[in-house]
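Student: Below: one structure in structure tokens.
The values are calculated or read from the model by the stated rules, or taken from the named source; none is laboratory data. It should be emphasised that the depicted structure is a prediction, and the values quoted were computed from it without experimental measurement. Note that we place each Cβ from the backbone using ideal geometry, even for glycine, and neighbour counts take in every protein chain shown. For accessibility, only protein heavy atoms count, side chains too; no ligands or nucleic acids. Shrake-Rupley method; radii C 1.70, N 1.55, O 1.52, S 1.80 Å.
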Amino acid sequence: MRLRGTPVGISLKNGQGVSGILCSVHSGQVYVMQYLYQSQFATFHYSFNDIRDIIPFPPCYPGQ
């Protein structure tokens with residue numbers, strides 16, 4: 001998958017959204033490292049059945 005290792009936004013079917021670094025995709029699950037607090041991060045997993053869309057973050061533009 002070409003998005004692995006990049007920041008993504010994930011739209012869930014329940015109306016929530018999450019963002020983080022896409023770590024891996026296997027066994028019907030998407031694994032995403034998300035920021036928790038201060039220097040804490042955790043990997044969360046989401047079932048394909050719960051995901052509406054996964055999109056990459058847009059690039060930053062100088063001066064914005």
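Student: Counting only heavy atoms of protein chains, what accessible area per residue, in Å², does the chain have with a probe of 1.4 Å? Don't skip to the answer; put the middle values down first.
Tutor: Numbers: 4830 Å² over 64 residues.
That works out to 75 Å² per residue.
Student: With labels modelled as points extended 7 Å from the Cα through the Cβ direction, what inter-label distance (nm, one decimal) is found for residue 19 paired with residue 41?
Tutor: Taking the two extended label points, one gets 1.5 nm.
Student: Here's something else I'd like to know. Compute the distance in nm between two label points, each set 7 Å from the Cα along the Cα-to-Cβ direction, one at residue 55 and one at residue 34.
Tutor: Here the answer is 1.9 nm between the modelled labels.
Student: Let me ask another. Viscosity 1.002 mPa s, temperature 20 °C: what is the translational diffusion coefficient of the chain from Stokes-Einstein with a Kirkwood Rh over Cα pairs, rounded to a whole number of µm²/s? Write out the running numbers ahead of the final one.
Tutor: Details: Rh = 12.5 Å.
Translational diffusion coefficient: 172 µm²/s.
Student: How much net charge surrounds residue 9 when only the other residues with a Cβ under 14 Å from the Cβ of residue 9 are counted, with Lys and Arg +1 and Asp and Glu -1?
Tutor: Its environment carries a net charge of 0.
Student: Let me ask another. Give the long-range amide H neighbours of residue 9: residues separated by 5 or more places, or on another chain, with amide H under 5 Å away, using H modelled in the peptide plane at 1.01 Å from N.
Tutor: 55, 57
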